[in-house]
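Inspection log for the structure reproduced underneath, given as structure tokens.
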Amino acid sequence: MAALNNEDPTSSLLLVDGFNLLHALILKGRDRPEWWSVAHQERVLELVSRYRGHEECWVVFDAARADSARLEAESQVRLHYAPDADAWILEQIKTLRPRQVVVVTNDRSLQDRAKMLGAQRMSPWQFAREPTTTHPIDKNDEATRT
């Protein structure tokens, strides 16, 4: 698994587990039949592109098969697809050391492994509460979860 270009080792990087953020923050268990759709990937990309807390934001989506739905969009957010998003995220953390990396996921195992490699962790709900994030989340949703 090759790492993306590490252009500025002093800048901070937000690495987002795309489908995990989608499930935890946007869908909350709804819309399961369309889980992998390009439309849902666009919603994640839109949410992350509004974030201003780090110099760079990358989103990775699981795409185990070559024919998996993939978004092709222009954005300031780097978009990547990997057979295993968790493994890809961990590889990036190792490759990008000593760069400050923050991983957004609700996957406790991934959070723990990322922390062991020196990354910081942020839950999707912490991400939603960031004052620099404007997000299109339903008004009835609880953004106060931890």
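Quick look at the values:
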item	result
Conditions (1) without any contact (Cβ under 8 Å) to a residue 60 or more places away in the chain; (2) farther than 19 Å from LEU90 by Cβ; (3) over 13 Å from the mean Cα position of the chain (by Cα); number of the one not met by ALA63	(2)
Count of residues meeting criterion [exposed (fewer than 14 other Cβ atoms within 10 Å of the Cβ) and touching a strand residue (DSSP E or B) at 6+ places or on another chain (Cβ under 6 Å)] in the stretch 32-51	0
Subset of the stretch 86-121 (residues that are of a type in the set (A, V, I, L, M) and touching a Ser or Thr at 6+ places or on another chain (Cβ under 9 Å))	ILE89, VAL101, VAL102, VAL104, ALA114
Close pairs (6 angstrom Cβ cut-off, 6 or more residues apart or separate chains): crowded, with 19+ Cβ neighbours inside 10 Å in the stretch 85-108, acidic (Asp, Glu) anywhere	ALA85/ASP17; ALA85/ASP62; THR105/ASP17
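Quick note: the coordinates plus some simple rules give every number you see, no bench work behind them. Note that this is a predicted model, so its numbers are computed, not measured. Note that we place each Cβ from the backbone using ideal geometry, even for glycine, and neighbour counts take in every protein chain shown.
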